[in-house]
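Here the structure is laid out as structure tokens; the discussion comes afterwards.
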Amino acid sequence: MATTQPDSNSPAPAGAAEAPGTLDRRAAVAALLADRGDLLVVTGLGSPTYDVAAAGDHERNFYLWGAMGGAAVMGLGLALARPDTPVLVITGDGEQLMGMGALATIGAQRPRNLSIAVLDNRLYGETGMQTSHTGRGIDLAGVAAACAFAWTERITGLSAIAALRARIHRCEGPGLATLQIAQTEPPRVMPSRDGVDNKNRFRRALGLSPI
């Protein structure tokens, strides 16, 4: 059964506005990727990609530049193909809202090695900082819990990320954590946007031949 383990007050009722988070997104992502070992990372388009690149480019990062809403299902396919390797999707609230149905599919498949970290600033950052649905009371962790995820968390403090990182590496999933980040726009750190090169680099990191 899915369990929600918030480290702060419960989310606001659906439709109610909620105060923005205060987590520094770059510090949170860097902490999440510390001591990453064999972790495979899929990034949602836009700011999560910049955040992961800022923490250090890595051959086991797959930067998903397009296909809004596709990060979670990309992570699902990777987790099913590599069941003994932890897979982490790092995405934003807007991107995950576009792929809500993916959460139901993940819950049905139940890959233990898949975790999703949603950087939730309650904004559509790539299109002008408009308020997203999570800024109007929609709770992505609650949706994941209803989709039979093994665990969900709502992270509001940097001190909670070490325990979250350990849980990801223990492969207790599927799991989803919302990281309540501040509404800031750090400078962009741009990894390669060459899709073929990114794909082949990732395949080489997995011991596969480029195609």
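The values are calculated or read from the model by the stated rules, or taken from the named source; none is laboratory data. Owing to the predicted nature of the structure, the values given are computational and were not obtained by experimental measurement. Quick reminder, even Gly has a Cβ in these numbers, built from the backbone with ideal geometry, and neighbours come from all protein chains shown.
Values as computed for the structure displayed
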{"read-out": "Residues located in segment 154-211, provided they are closer than 19 Å to Glu59 by Cα and in contact with an Asp or Glu (Cβ under 6 Å, 6 or more places away or on another chain)", "value": "Pro191, Arg201, Ala205"}
{"read-out": "Strands (runs of 3 or more DSSP E) contained entirely in segment 4-65, each with at least 2 residues that are modelled with pLDDT of 95 or more and polar (S, T, N, Q)", "value": "none"}
{"read-out": "Test: residue in segment 87-98 that is part of a loop (DSSP other than H, G, I, E, B), in contact (Cβ under 8 Å) with a residue 40 or more places away in the chain and closer than 23 Å to Leu158 by Cβ", "value": "no"}
{"read-out": "Breaking point among (1) free of Cβ contacts under 8 Å to residues at least 60 places away in the same chain; (2) more than 20 Å from Pro191 (Cα to Cα); (3) surrounded by fewer than 21 Cβ atoms within 10 Å (Cβ to Cβ); (4) not polar (S, T, N, Q), for Leu76", "value": "(3)"}
{"read-out": "Options Ala104, Ala72, Ala81, Ala108; residue that is touching a helix residue (DSSP H, G or I) at 6+ places or on another chain (Cβ under 8 Å), of a type outside the set (Lys, Arg) and modelled with pLDDT of 95 or more", "value": "Ala72"}
{"read-out": "Restricting segment 114-128 to residues that are in a loop (DSSP other than H, G, I, E, B) and closer than 16 Å to Ala28 by Cβ, the residue that is modelled with the lowest pLDDT", "value": "Arg122"}
